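Note sheet for the following structure.
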Amino acid sequence: MDALARALKNKKPKGRSIEVAHDDIDFVSDRISEQTRYISFGVLAFVWLFLAGGHGTPTPPMPVDRNILLISGGFSLLSLSFDYFQYIFGYFNTCKEIDEAEAVEKDTVDFDYSRILHCLRGAMFWGKQLVMVVSLFFLLSAILATLKTGQAANCPKNLNMETIKGAMPD
């Protein structure tokens with residue numbers, strides 16, 4: 001056994017304070033929210049690209065089903081709305097907790113995690129992630145269905161992979 005393996009075998013896990021664990025949760029949940037926003041905006045960018053297109057704009061080689069794209073974009077907007085409301089509910093919940101603490105001249109705030117505003121905040125946190133995944137699913141399914149069949153529901157019947165390959169330069 002080499003020195004590194006011995007060191008790892010003898011290393012005992014160190015405990016962390018609850019405060020450090022809370023800091024870790026704050027950091028990780030912030031990153032989750034950030035990634036959810038990035039993915040939602042990315043889906044919206046693809047949807048806009050496929051729907052708006054236009055001269056000089058890179059577009060897919062065949063049309064993608066517009067209805068599925070609109071559904072995907074709608075779910076992305078819903079995810080971003082949930083993100084916004086998560087912070088709105090959190091803001092009003094914290095204001096309420098501060099007001100109650102100041103009314104009895106306390107120096108600390110005891111959060112009531114059963115309060116409806118806090119519960120709504122948590123629901124928005126999880127909801128925005130779920131809705132973002134649904135949005136991404138619709139976008140990917142629209143693209144994959146178009147590539148698999150060679151045509152979308154609103155494409156001309158003679159458009160398929162062979163005609164696209166024939167139209168592309170070598």
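The values are calculated or read from the model by the stated rules, or taken from the named source; none is laboratory data. From a predicted model like this one, the values you see are computed outputs, not experimental measurements. All Cβ positions, even for glycine, are placed from backbone atoms using ideal geometry, and neighbour counts span all protein chains on display.
Any idea which residue in region 122-138 is surrounded by the most Cβ atoms within 10 Å (Cβ to Cβ), counting only those that are under 16 Å from residue 86 (Cβ atoms) and among the aliphatic types (A, V, I, L, M)? Ranking the candidates gives 132 first. Considering the conditions (1) surrounded by 12 or more Cβ atoms within 10 Å (Cβ to Cβ); (2) modelled with pLDDT under 95, residue 79 is excluded by exactly one of them, (2). So is residue 99 modelled with pLDDT under 90, crowded, with 16+ Cβ neighbours inside 10 Å and not hydroxyl-bearing (Ser, Thr, Tyr) or not? For residue 99, the condition - modelled with pLDDT under 90, crowded, with 16+ Cβ neighbours inside 10 Å and not hydroxyl-bearing (Ser, Thr, Tyr) - is not met.
Scanning region 144-153 for residues that are buried (at least 19 other Cβ atoms within 10 Å of the Cβ) and either assigned to a helix (DSSP H, G or I) or at pLDDT 90 or above (or both) yields a count of 1.
Can you say whether residue 84 is modelled with pLDDT of 95 or more and either surrounded by fewer than 14 Cβ atoms within 10 Å (Cβ to Cβ) or farther than 18 Å from residue 37 by Cα (or both), as far as the supplied structure shows?
On the way: modelled with pLDDT of 95 or more: yes; either surrounded by fewer than 14 Cβ atoms within 10 Å (Cβ to Cβ) or farther than 18 Å from residue 37 by Cα (or both): yes.
Criteria met by residue 84.
Screening the candidates 69, 49 for the property of being at pLDDT below 95 and crowded, with 18+ Cβ neighbours inside 10 Å yields one hit, 69.
Answer yes or no as to whether residue 64 is aliphatic (A, V, I, L, M), assigned to a loop (DSSP other than H, G, I, E, B) and more than 30 Å from residue 137 (Cα to Cα).
On the way: aliphatic (A, V, I, L, M): yes; assigned to a loop (DSSP other than H, G, I, E, B): yes; more than 30 Å from residue 137 (Cα to Cα): no.
So residue 64 fails the test.
In the condition set (1) crowded, with 18+ Cβ neighbours inside 10 Å; (2) within 20 Å of residue 25 (Cα to Cα), residue 119 is compliant with all but (1). So which residues in region 78-121 are closer than 28 Å to residue 44 by Cβ and either touching a Pro at 6+ places or on another chain (Cβ under 9 Å) or among the β-branched types (Val, Ile, Thr) (or both)? Residue satisfying the conditions is 88 alone.
Does residue 36 satisfy being touching a helix residue (DSSP H, G or I) at 6+ places or on another chain (Cβ under 8 Å), of a type outside the set (A, V, I, L, M, F, W, C) and either at pLDDT below 85 or assigned to a loop (DSSP other than H, G, I, E, B) (or both)? It is false that residue 36 is touching a helix residue (DSSP H, G or I) at 6+ places or on another chain (Cβ under 8 Å), of a type outside the set (A, V, I, L, M, F, W, C) and either at pLDDT below 85 or assigned to a loop (DSSP other than H, G, I, E, B) (or both).
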